[in-house]
Amino acid sequence: MSDLRSGLGEAAGAAFAALGLSADHGRVAASDRPDLADFQCNGALAAAKAARRNPREIAAAVAAALSGNPDIESVEVAGPGFINLKVSAAALSARADALAADPRAGAEPLAAPRRVLVDYGGPNVAKEMHVGHLRASIIGESIKRICRFRGDETVGDAHFGDWGFQMGLLITACADDDAEIATTLDRLAERPAGFTDGDEQAAIAAFAARIALEDLDRLYPAAARRAKADPAYRDRARKATAELQGGRYGYRLIWKHFAQVTRVALERDFRALGVEFDLWRGESDVDALIEPMVADLAAKGLLIDDQGARIIRVARNGDKRDVPPLLVVSSEGSAMYGTTDLATILDRKRFFDPELVLYAVDQRQADHFETVFRAAYLAGYAVEGALEHIGFGTMNGPDGKPFKTREGGVLKLRDLIDMARDKARERLREVGLGAELDPEAYEATALQVAVAALKFADLANFRGTSYVFDLDRFSSFEGKTGPYLLYQAVRVKSLLRKAAAEGIAAGPILVEAPAERELVLLLDGFDHSLAEAYDKRAPNLIADHAFRLAQAFARFYAACPVLIAEGAVRASRLALSALTLKQLELALDLLGIATPERM
Ligand code: ARG
């Protein structure tokens, strides 16, 4: 099933070909003057230039060839040689019926699906997830859903940060903070003879009894600050990191506790946010791969000694900026952030063999990924081009800098969700929604509104653009917001419920009123938006589509009453409403946004 745009494009292409010109010139786009035309083809200009002919003559010949096409109501040449096309009502109706019958509402599956791994979220042990990870989660989740919906075999992995320097830092900080922990860590440098698995569990539980997540939250930032200022402290933390990675027993046990207690909290927050990882692998999971990998890199002649550390140089002739080398083994013998990333590429190859890996991570890590990717290509661990960094800008405060709380700290994801939910309740009250829901459904709806507000505000911008956090605006039921979209979707749901209760059935879609035309043309464009969003890794194009669809529905609903119409017209409008809802919900789902049944 092809959309109207490609159908017309093919017809126009054939007309160009018949004139001895390239069929590529037939490409058709939505008209930028919707008052004059539905679609336009600008190919005559380029064709004329290439063939040194008159563009208006070519346009006129193509227009003449198209005028007999039953899908076309009118075709006109405008300006220097633009071809304006208006689609016939019959073609619009047929297309709308086909969309209504399609469970995918017009979204074509990929002809050549691939195995795609999306690395996103990237939360870390010990630090509760903060707004810095919010965008990684929201954008990654959407990109994963887009790939999966189009047919790629897709795996989303959280890539839990549980193996780097922050672990040594935390161990050092906990030992300094609590003498009993320090003693236990000393006593358990090696696994004691006769220590059973039960003893091990008990030891971990004893750590858990003394250190809660709040303690990690308190200790970590202080330790990170101190390590910056105090080289001796930093060296101790580095040594602890190396010893943890080297297998020091007590360190492994306390580390297990850190990872567990963090993960529980993270998973709760991700669930609230509608972010669902298929895999929750950590940097530590590739630990066993690192030694053989380092040997392999050495055997390939890629490792260079650099003041006691081992690095891979990845700079290339013609680089316009400095691309730093990859630090593989630090002078203390630790694996670094890039080392685990490189080993993770090998690991993923083994269990999934992805054809494409997309890393949804802050743009500020662009250099890191450029370095890791080049090292992977040099080592033959991935095919050039198969690794792609999907960078994004920051969410800023009113001062234009990455968002902080009023106290100057990072806002925890949990607190952000709570704030957004409070705001959602306030908004629901203001506009008089949700009053008929029972308390449980009301709370669920408030959370859905909050999540829609946060996610849509984030995804509505091209990911490279930074944006200002403005919960008031994000949560409004008016304007280009998540709540507005939910409201429109819920309106259609309630309309469909009423129709079902009155026993009214949907029927073939007749496209008559201008608002119906507008709506069907938009519905027709879903696949195009989707394909573009996929190619550019740009969920904002789907956000745009959803928003325009909701607006077009609102206009249609105002101009074309449904339930009080009669007969075939009523059946048609009902079918059009149901189709709109289906496509709107699909689009919102691709953004990771769920719609309530009632509000
Ligand atoms: N944990 C990292 C951070 O907080 C993000 C991880 C991104 N993914 C990756 N493969 N490096 O900065």
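The values are calculated or read from the model by the stated rules, or taken from the named source; none is laboratory data. Owing to the predicted nature of the structure, the values given are computational and were not obtained by experimental measurement. With ideal geometry, Cβ positions are generated from the backbone for all residues, glycine too; neighbour counts draw on all protein chains shown. Areas reflect the complete protein model, heavy atoms only, side chains present, ligands, DNA and RNA absent. Shrake-Rupley method; radii C 1.70, N 1.55, O 1.52, S 1.80 Å.
For this structure, a couple of remarks:
- Tally, over segment 421-449, of residues that are under 20 Å from the mean Cα position of the chain (by Cα) and either over 18 Å from Arg491 (Cα atoms) or among the polar types (S, T, N, Q) (or both): 2
- Counting only residues that are of a type outside the set (Gly, Ala, Ser), in a helix (DSSP H, G or I) and within 15 Å of the ligand (Cβ to nearest atom), segment 273-286 holds 3 of them.
- Lone unmet requirement of (1) at pLDDT 95 or above; (2) open to solvent by 30 Å² or more (accessible area, probe 1.4 Å); (3) within 16 Å of the ligand (Cβ to nearest atom) for Ile290: (2)
- So Arg252, is it at pLDDT 95 or above, open to solvent by 60 Å² or more (accessible area, probe 1.4 Å) and out of contact with any strand residue (DSSP E or B) (no Cβ under 9 Å at 6 or more places or on another chain): yes
- Scanning segment 310-334 for residues that are within 16 Å of the ligand (Cβ to nearest atom) and open to solvent by 10 Å² or more (accessible area, probe 1.4 Å) returns Pro324, Leu327.
- Residues in segment 108-123 that are surrounded by fewer than 21 Cβ atoms within 10 Å (Cβ to Cβ) and either within 15 Å of the ligand (Cβ to nearest atom) or assigned to a loop (DSSP other than H, G, I, E, B) (or both): Glu108, Pro109, Leu110, Ala111, Ala112, Pro113, Arg114.
- Summed over segment 259-296, residues that are under 17 Å from Thr340 (Cα atoms) and aliphatic (A, V, I, L, M) total 9.
- Of the residues making up segment 378-393, those that are of a type in the set (Val, Ile, Thr) and either open to solvent by less than 70 Å² (accessible area, probe 1.4 Å) or touching a Lys or Arg at 6+ places or on another chain (Cβ under 7 Å) (or both) number 1.
- Among residues of segment 357-377, those that are open to solvent by less than 10 Å² (accessible area, probe 1.4 Å), more than 10 Å from the ligand (Cβ to nearest atom) and within 21 Å of the chain's Cα centre (by Cα), counted: 1
- Extreme residue, most open to solvent (accessible area, probe 1.4 Å), among residues of segment 72-87 that are closer than 15 Å to Arg517 by Cα and under 37 Å from the mean Cα position of the chain (by Cα): Lys86
- Ala136 touching a strand residue (DSSP E or B) at 6+ places or on another chain (Cβ under 7 Å), open to solvent by less than 30 Å² (accessible area, probe 1.4 Å), within 25 Å of Val264 (Cα to Cα) and touching a residue at least 40 places away in the same chain (Cβ under 8 Å): yes
- Residue in segment 136-156 that is within 15 Å of the ligand (Cβ to nearest atom), at pLDDT below 95 and outside any helix (DSSP H, G or I) present: no
- Residue under evaluation Thr339, criteria (1) assigned to a helix (DSSP H, G or I); (2) open to solvent by 10 Å² or more (accessible area, probe 1.4 Å); (3) in contact with a helix residue (DSSP H, G or I) (Cβ under 9 Å, 6 or more places away or on another chain); (4) not acidic (Asp, Glu), criterion not met: (2)
- When Ala265, Ala315, Ala259 are checked against the criterion of being closer than 13 Å to Asp162 by Cα, in contact with an Asp or Glu (Cβ under 8 Å, 6 or more places away or on another chain) and among the small types (Gly, Ala, Ser), Ala259 stands alone in meeting it.
- Helices (runs of 4 or more DSSP H) lying entirely in segment 394-493 (those with 2 or more residues that are open to solvent by less than 30 Å² (accessible area, probe 1.4 Å) and either touching a residue at least 60 places away in the same chain (Cβ under 8 Å) or of a type outside the set (A, V, I, L, M) (or both)): 413-431, 439-459
- Filter result for Gln307 (surrounded by fewer than 17 Cβ atoms within 10 Å (Cβ to Cβ) and within 16 Å of the ligand (Cβ to nearest atom)): no
- Restricting segment 124-133 to residues that are open to solvent by 10 Å² or more (accessible area, probe 1.4 Å) and in a loop (DSSP other than H, G, I, E, B) leaves a set whose member that is nearest to the ligand (Cβ to nearest atom) is Lys127.
- Set Gly198, Gly168: member being within 16 Å of the ligand (Cβ to nearest atom) and modelled with pLDDT of 95 or more: Gly168
- Residues of segment 552-599 satisfying the condition of being assigned to a helix (DSSP H, G or I), under 30 Å from Arg271 (Cα atoms) and open to solvent by 10 Å² or more (accessible area, probe 1.4 Å): Ala578, Leu581, Lys582, Glu585, Leu586, Asp589
- Leading residue by the ranking (surrounded by the fewest Cβ atoms within 10 Å (Cβ to Cβ)) among those in segment 524-551 that are without any contact (Cβ under 8 Å) to a residue 40 or more places away in the chain and of a type in the set (D, E, K, R): Asp535
- Residue that is most open to solvent (accessible area, probe 1.4 Å), among those in segment 52-71 that are in contact with a helix residue (DSSP H, G or I) (Cβ under 8 Å, 6 or more places away or on another chain) and small (Gly, Ala, Ser): Ala65
- Against the numbered list (1) more than 28 Å from Leu169 (Cβ to Cβ); (2) within 15 Å of the ligand (Cβ to nearest atom), Glu384 comes up short only at (2).
- Scanning segment 12-51 for residues that are in contact (Cβ under 8 Å) with a residue 60 or more places away in the chain and surrounded by fewer than 20 Cβ atoms within 10 Å (Cβ to Cβ) yields Ala30, Pro34.
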